[in-house]
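To keep things clear, I will list the structure first and then write my remarks on it.
The values are calculated or read from the model by the stated rules, or taken from the named source; none is laboratory data. What you see is a predicted model, and the numbers here were worked out from it, not measured in a lab. Please note: Cβ atoms are built from the backbone with ideal geometry, for glycine as well, and neighbour counts cover all protein chains shown. Protein only, heavy atoms only, side chains kept; ligands, DNA and RNA dropped before computing areas. Shrake-Rupley method; radii C 1.70, N 1.55, O 1.52, S 1.80 Å.
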Amino acid sequence: MDKEKELIDKLIDLAFAEDIGDGDHTTLSCIPDTAMGKSKLLIKEAGVLAGIEVAKEIFSRFDPTMKVEVLIPDGTEVKPGDVAMIVEGKVRSLLQTERLMLNVMQRMSGIATMTRKYAKRLEGTRTKVLDTRKTTPGMRILEKMAVKIGGGENHRIGLFDMILLKDNHVDFAGGIDKAITRAKEYCKEKGKDLKIEIEVRNLDELQQVLDLGGVDRIMFDNFTPEMTKKAVEMVGGRYETESSGGITFDTLRDYAECGVDFISVGALTHSVKGLDMSFKAC
């Protein structure tokens with residue numbers, strides 16, 4: 001949690017530096033420093049709200065005297081006309097924080113909305129939807145927070161908190177057996193307690209993994225539903241299973257009904273439209 005806050009604080013600082021530079025000259029030129037006011041976050045599109053807690057951090061970091069009244073919490077399904085929060089403080093502070101807060105909340109709410117759609121599609125199955133590392137550089141922690149708010153699960157946060165042996169790792173290492181063996185030796189040597197996942201491209205590679213063992217999860221890359229069903233039967237519950245690659249919303253349930261534990265979907269974060277909302281004086 002401390003690491004998350006550190007990353008979020010750095011992101012907020014960078015975003016303000018990028019947006020305000022040596023000053024918001026529009027606001028400074030026409031709004032007195034003593035002017036006080038209120039603004040409301042108005043929802044303009046149906047979806048799932050996400051980012052309220054981050055918005056509070058944005059306001060607090062810019063001006064600790066700003067007061068935030070949250071009317072709708074993260075994770076709530078919202079509709080046009082809903083007011084999610086009211087913020088009171090210096091008018092200069094309201095104007096200078098508006099765009100960063102909206103950029104974050106629109107993006108996070110768009111991701112949460114998309115994730116909720118996928119999560120509902122999986123209801124009644126054992127399968128959970130996972131995000132990927134296909135995120136906006138610098139905003140990963142916020143985007144993965146939004147996935148959880150929407151009802152999904154986080155895969156690894158980055159390259160540091162899990163070992164995922166993908167096809168290129170396997171090929172460069174000289175094969176599945178060498179890749180797994182080296183990963184296990186590395187964890188032992190470095191004193192790392194990391195889960196090991198390996199990607200397989202066909203049933204022959206899956207059998208190699210099953211013969212060797214030593215992993216926690218097996219990813220079926222670009223399998224058909226028919227191949228996936230066979231693969232799940234071969235694993236027989238000995239390892240966690242994950243489907244990935246080429247899976248759309250329309251085919252999502254087909255893969256889930258094969259019995260996989262997880263389905264990873266890059267579309268949760270890499271091509272999401274922000275949820276429409278505005279920050280208006282009230």
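Region 124-237 gives an Rg/Rh value of 0.98, both radii derived from C-alpha positions and Rh following Kirkwood.
Full extension of the segment from E18 to D211, taken as 0.36 nm per residue of separation minus the current Cα-Cα distance, would add 64.2 nm. Phi-derived couplings, Karplus 6.51 cos²θ - 1.76 cosθ + 1.60 at θ = phi - 60°, listed residue by residue for region 26-40: 5, 5, 4, 7, 10, 10, x, 4, 8, 5, 10, x, 9, 9, 10 Hz, with x used for Gly and Pro.
Using heavy atoms of the protein chains and a probe of 1.4 Å, the accessible area assigned to E240 is about 50 Å². Label sites at T251 and E226, each approximated as a point 7 angstrom past Cα along Cα to Cβ, lie 1.3 nm apart. Run the paramagnetic zone check for T136: 7 angstrom along Cα to Cβ, then residues of region 1-37 with backbone nitrogen under 20 Å. What the label zone holds, given the 20 Å backbone N cut-off, is 4-21. If the chain linking L159 and Y186 were pulled fully straight, counting 0.36 nm for each residue of separation and taking away their Cα-Cα distance, it would gain 8.3 nm. In this structure, the pairs whose alpha-carbon distance is over 28 Å, taken from K79/K148; K44/K90; K5/K166; K3/K184; K5/K195, are K5/K166.
Based on the Kirkwood radius over alpha-carbon pairs, what value in µm²/s does the Stokes-Einstein equation return for the translational diffusion coefficient of region 183-264 at 37 °C and 0.692 mPa s? Stokes-Einstein gives a translational diffusion coefficient of 249 µm²/s.
Over the chain, the fraction of Cα-Cα pairs per 10 Å bin, rounded to whole percents and listed from the shortest bin up, is 6, 25, 27, 19, 13, 7, 2, 0. With the convex hull drawn around the C-alpha atoms of region 47-138, the volume per residue stands at 114 Å³.
Distance between the modelled labels on V83 and K67, one decimal in nanometres: 1.5 nm (7 Å Cα→Cβ projection). The alpha carbon centroids of region 83-124 and region 14-38 are separated by 22 Å. Restricting the trypsin sites (Lys or Arg not before Pro) of region 115-166 to loop positions (DSSP other than H, G, I, E, B) with no more than 12 neighbouring Cβ atoms within 10 Å leaves R126.
The modelled label-to-label distance for the pair D204/E53, using points 7 Å beyond Cα in the direction of Cβ, is 4.8 nm. Working from Cα pairs under 8 Å separated by at least six residues, relative contact order for the chain is 23 percent. For region 62-162, the list of chymotrypsin sites (Phe, Trp or Tyr not before Pro) that fall in a loop by DSSP and count at most 15 other C-beta atoms within 10 angstrom reads F160. When Rg and the Kirkwood radius Rh are both evaluated on Cα atoms of region 1-158, their ratio Rg/Rh stands at 1.01.
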